[in-house]
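One structure is given below, encoded as structure tokens.
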Amino acid sequence: MTNAYVLVEHREGALLPATAELLTAARVLGAVTAVVVGAPGVAEPLREELASLGAAVIYGAEAADYAERVVLPEVDALHALAAQTPAPIVVAAGAHGNEIAGRLAARLASGVLTDVVEILADRSAKHSIFGDAYEVTAAVGGTSPIYTLRPGAVAAQPAPAAGAYVNFALPAASAKDVKVTKFAPAVQGSRPDLTQAKVVIAGGRGVESPENFSTLVEPLADALGGAVGATRDAVDLGYYAPQYQIGQTGVTVSPDLYIGLGISGAIQHTSGMQTAKKIVVVNNDEDAPFFQIADLGVVGDIHEITPLLIEEINKRK
Ligand SMILES: Cc1cc2nc3c(=O)[nH]c(=O)nc-3n(C[C@H](O)[C@H](O)[C@H](O)COP(=O)(O)OP(=O)(O)OC[C@H]3O[C@@H](n4cnc5c(N)ncnc54)[C@H](O)[C@@H]3O)c2cc1C
């Protein structure tokens, strides 16, 4: 019995935190089927953990050419499963998940509810929109509504289930499919992935230069084992690379600790980080709107405060 399909988020043989959130959010619909799509040998070892997180059934859909086909194996697997046994489909919001959701909707002639923060038992879902200024509830009819779930919106709650494992044969690639012929991951150094990091240090226009990102923002991130993020203004001014932009048109982060340096706190930025558990803001303008959502606000110059902070952290290690 399948009441919902969840696309499992995994990397290098391990589940990503989003998976537990997806399984928790989907559980309200009934028995959840977890779908693991990946290279040969990746799915079965995740069985036990997926069962402990609430997967009643686990489909392992593996293909040797998985990495070359970008999102198509996921779309093929979920399409084949939902065409056979229709049920709602839940994937993680983000560039990857949104692409999968859109393609699936076209194939299944279904609708998509994007960036949802809660799924309800009647199959409607809540969205938090315009920088979390409004809550909207929306619904999609049909047998396979598709949802993309905002990372960090749902607190993961394990709920052990049977976790029966089934091998699922992916349809063969079509000659018309796009194939990636070369793949070189961007050099990230030793810092954690921004969207998964427990600590995020973000810099804004007030950082003033790429050099100051290297001498202030990055060293603070490294002192705390965190990731670096940036505002759109910092990105537009060329201070930091676009993939690190946090906010409405960037990535969403939900760390335990977020520190904002030289950031004013525009709603388009805060909508991408306001679920952080602790927010620390350093800004030399005491009227900066960011202080309104800060757990700890420091009115001061980042050039003075940041080195002191790094020194103090390193002293306590
Ligand atoms: C459609 C749309 C989408 C957008 N999407 C995003 C998005 O995804 N992410 C995003 O971030 N923005 C986004 N923006 C832009 C957003 O509106 C703001 O312009 C932007 O977030 C401001 O960036 P900032 O805080 O770095 O710069 P500013 O607003 O200029 O703030 C800089 C701050 O640094 C402080 N400062 C300066 N010097 C120092 C110093 N030496 N020490 C301490 N503090 C100092 C200043 O007091 C000021 O408060 C979007 C805008 C639009 C219209």
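Just so you know, all these numbers are worked out from the coordinates, no wet-lab data involved. Keep in mind that what you see is a predicted model, and the values were worked out from it rather than measured. Quick reminder, even Gly has a Cβ in these numbers, built from the backbone with ideal geometry, and neighbours come from all protein chains shown.
What's the angle, to the nearest 10 degrees (0 to 90), between helix 302-315's Cα axis and the longest principal axis of the chain?
Orientation of helix 302-315: about 70 degrees from the principal axis.
Collect residues whose amide H, placed 1.01 Å from N in the peptide plane, falls under 5 Å from the amide H of Val200; neighbours closer than 5 in sequence don't count.
Amide H neighbours of Val200, under 5 Å, 5+ apart: Ala227, Leu257, Tyr258, Ile259.
Dipole magnitude of the stretch 199-315 about its Cα centre, charges +1 at Lys/Arg Cβ and -1 at Asp/Glu Cβ only, in debye to the nearest 20? Before the final figure, lay out each step's value.
Values: 5 positive and 15 negative charges, 91 e Å.
Dipole about the Cα centre, nearest 20: 440 debye.
I'd like the Kirkwood hydrodynamic radius of the stretch 254-317, using the inverse of the mean 1/r over distinct C-alpha pairs, in Å.
Values: mean 1/r = 0.0824 Å⁻¹.
Kirkwood hydrodynamic radius for the stretch 254-317: 12.1 Å.
Skipping prolines and chain starts, which residues have an amide H placed within reach, meaning under 5 Å, of the one on Gly94, given they are 5 or more residues away or on another chain?
Hits under the 5 Å cutoff: none.
Once you put a point 7 Å from the Cα of Val180 and another 7 Å from the Cα of Gln292, both along the Cβ direction, what distance in nm separates them?
With each label point 7 Å from Cα toward Cβ, the separation is 4.1 nm.
For the stretch 33-48, in order, what is each residue's ³J(HN,Hα) by Karplus, 6.51 cos²θ - 1.76 cosθ + 1.60 with θ = phi - 60°, in whole Hz (x at glycine and Pro)?
The phi angles translate into 9, 8, 10, 9, 10, x, 6, x, x, 8, 7, 4, x, 8, 3, 4 Hz.
Taking the Cα centre of the stretch 1-75 as origin, work out the dipole magnitude from +1 charges on Lys and Arg Cβ and -1 charges on Asp and Glu Cβ, in debye rounded to 20. Write down the numbers at each step before the final one.
Values: 4 positive and 10 negative charges, 52 e Å.
My answer is approximately 240 debye.
Calculate, for Tyr134 and Asp256, the FRET efficiency according to 1/(1 + (r/R0)^6) with r their C-beta to C-beta distance and R0 25 Å; round to the nearest 0.05.
So, using R0 = 25 Å, E works out to roughly 0.40.
What FRET efficiency would be calculated for the residue pair Gln157, Lys198, taking the C-beta separation as r and a Förster radius of 25 Å, to the nearest 0.05?
0.85
Which GluC sites (Glu not before Pro) from the stretch 258-317 combine a DSSP loop assignment with at most 10 other Cβ atoms within 10 Å? Could the numbers behind the result be given before it?
Details: sites: Glu286, Glu304, Glu311, Glu312; in loops: Glu286.
Listed in order of number, the matching sites are Glu286.
Can you list residues from other chains, or at least 5 along the same chain, whose modelled amide H is less than 5 Å from the amide H of Glu118?
Here the answer is Lys126, since their amide H atoms fall under 5 Å of that of Glu118.
With a cut-off of 20 Å, note down the residues of the stretch 287-317 whose backbone N falls inside the zone around a label point 7 Å from the Cα of Glu211 toward its beta carbon.
Residues passing the 20 Å test: 301-308.
Give, in whole angstrom and from largest to smallest, the semi-axes √(5λ) of the equivalent ellipsoid of the chain, with λ running over the eigenvalues of the Cα gyration tensor. Spell out each step's value before the answer.
Working: eigenvalues 286, 89, 65 Å².
They are 38, 21, 18 Å, listed from largest to smallest.
GNM on the chain, C-alpha springs below 10 Å: top fluctuator among Ala266, Ala61, Ala125?
Checking each option, the largest mean-square fluctuation is seen for Ala266.
Could you go through the stretch 135-144 in sequence order and give the Karplus-derived ³J(HN,Hα) for each residue, using 6.51 cos²θ - 1.76 cosθ + 1.60 with θ = phi - 60°, rounded to whole Hz, and x for Gly and Pro?
Once θ is set to phi - 60°, the couplings for the stretch 135-144 become 10, 10, 10, 9, 9, 10, x, x, 8, 10 Hz.
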